[in-house]
1. Residue check: is Ile171 in contact with a Phe, Trp or Tyr (Cβ under 9 Å, 6 or more places away or on another chain) and modelled with pLDDT of 90 or more?
2. Identify the residue in region 26-35 that is touching a helix residue (DSSP H, G or I) at 6+ places or on another chain (Cβ under 8 Å) and not hydroxyl-bearing (Ser, Thr, Tyr) and, among all such residues, is surrounded by the fewest Cβ atoms within 10 Å (Cβ to Cβ).
3. Might you let me know whether region 289-297 holds any residue that is outside the structural domain of Leu136 (by TED's automatic domain parsing) and within 28 Å of Glu214 (Cβ to Cβ)?
4. I'm told Arg30 meets every condition in (1) in contact (Cβ under 8 Å) with a residue 60 or more places away in the chain; (2) of a type in the set (D, E, K, R); (3) outside any helix (DSSP H, G or I) except one. Can you identify the failing condition by its number?
5. Would you mind telling me which numbered condition in (1) part of a strand (DSSP E or B); (2) free of Cβ contacts under 8 Å to residues at least 24 places away in the same chain; (3) surrounded by 12 or more Cβ atoms within 10 Å (Cβ to Cβ) Ala230 fails?
6. In region 63-78, how many are assigned to a helix (DSSP H, G or I) and in contact (Cβ under 8 Å) with a residue 40 or more places away in the chain?
7. Any residue in region 210-225 that is over 17 Å from Tyr274 (Cβ atoms), out of contact with any Leu (no Cβ under 8 Å at 6 or more places or on another chain) and modelled with pLDDT of 95 or more?
8. When both residues are 6+ apart or on different chains and their Cβ atoms are under 8 Å apart, which pairs have a first residue that lies in region 234-263 and is without any contact (Cβ under 8 Å) to a residue 12 or more places away in the chain and under 18 Å from Glu137 (Cα atoms), and a second that is of a type in the set (Asp, Glu) and part of a loop (DSSP other than H, G, I, E, B)?
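The values are calculated or read from the model by the stated rules, or taken from the named source; none is laboratory data. None of these values were measured; they are calculated from a predicted model. Reconstructed Cβ throughout: ideal geometry from the backbone, glycine too, with neighbour counts over all protein chains shown.
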Amino acid sequence: MQYKDYYKTLGVSRNATQDDIKRAYRKLARKYHPDVSQEKNAEQRFKEIGEAYEALKEPQKRAAYDQLGSRWQAGDEFQPPPGWNVNLGGRRFTNKPFDFSDFFESLFGAAKQGAHHTHRSAPAGKDQHTICAITLEQAYQGSTRTIELQVSARDSSGQIQTQTRQLNVKIPQGIIQGQKIRLRSQGASGMGGGPNGDLYLEIEFKPHRLYRIEGRDIYLNLPITPWEAALGSTLAVPTLGGTVEMKIPANSQSGQKLRLKGRGFPGNPPGDHYVLLQIVTPKADTAEAQAFYLKMAQTLPFNPRADLIA
């Protein structure tokens, strides 16, 4: 019979940790599961992956396999050393939906009718997706939120039931709209003991009374007086990171955009904070105010629509 290099089958080194082996198995099992895979020879590859994991997932069996040494190459003709006898506490592996190879049986004494390995009959649960609405402040600073979800789960009889579940979710600092947070094993329950799927939270920002955001850049409409715009001034401007003193150039106009570099959302690089000037004129609701506006019109003759006249 042929020697099987179980480490090579899983794509890990011989000094891989048990966690490395488990991660490699799960990745390959998802890729080659016959119920979902489009790969050629998926069923055969799935069987080989399952057998390799069965041999390496427990330190006792892995140690027994490692006793054979590393001089062998996959496909070499192999016979167990004389007197080979692996003591696994009298356990036998039965009720497996497909057989192990002769190589595996020669090492571990698995019954020909199969060994206990339920991965084929225990598919993982489906991934689930939901929207997570947060404030700009929570995203800017990072936070922890408790969210309540309606999820589907299987009860002891295998029936699907809707349950309410609360999860504490860490919101990373600087996360932006549309990004997703992955919560491992918080999705739909697997069948027959299979692993749960994952839960994906898609970030959505709640409307803000002051700011709007584009990517990592923040925009603020800043009302200013005509004299602040005409003469120039230094104003206190609110940002998500606190108030900033900003210089308004003389002769500024409505719609003019000023930038506070690096004051947008955290990131690498961070976004910018843009200030859009909006000149607001006081009401002429008193005789004094009306007289002042009349004097200004006489002193500063100005036609903003001159370019519109043909």
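1. Numbers: in contact with a Phe, Trp or Tyr (Cβ under 9 Å, 6 or more places away or on another chain): no; modelled with pLDDT of 90 or more: yes.
So Ile171 does not fit the description; no.
2. Among those that are touching a helix residue (DSSP H, G or I) at 6+ places or on another chain (Cβ under 8 Å) and not hydroxyl-bearing (Ser, Thr, Tyr), it is Pro34.
3. The answer is no; no qualifying residue exists.
4. Only one criterion in (1) in contact (Cβ under 8 Å) with a residue 60 or more places away in the chain; (2) of a type in the set (D, E, K, R); (3) outside any helix (DSSP H, G or I) is unmet by Arg30, namely (3).
5. (1)
6. Let us first name the residues in region 63-78 that are assigned to a helix (DSSP H, G or I), namely 63-66.
From the residues that got through so far, the ones that are in contact (Cβ under 8 Å) with a residue 40 or more places away in the chain too are 64-66.
Residues that pass the stated criteria total 3.
7. Of region 210-225, the ones over 17 Å from Tyr274 (Cβ atoms) are 225.
Remaining after also requiring out of contact with any Leu (no Cβ under 8 Å at 6 or more places or on another chain): 225.
Filter once more, so that each one left must be modelled with pLDDT of 95 or more: 225.
Yes, that holds for at least one residue.
8. Final answer for the pair search is Gly262/Asp272.
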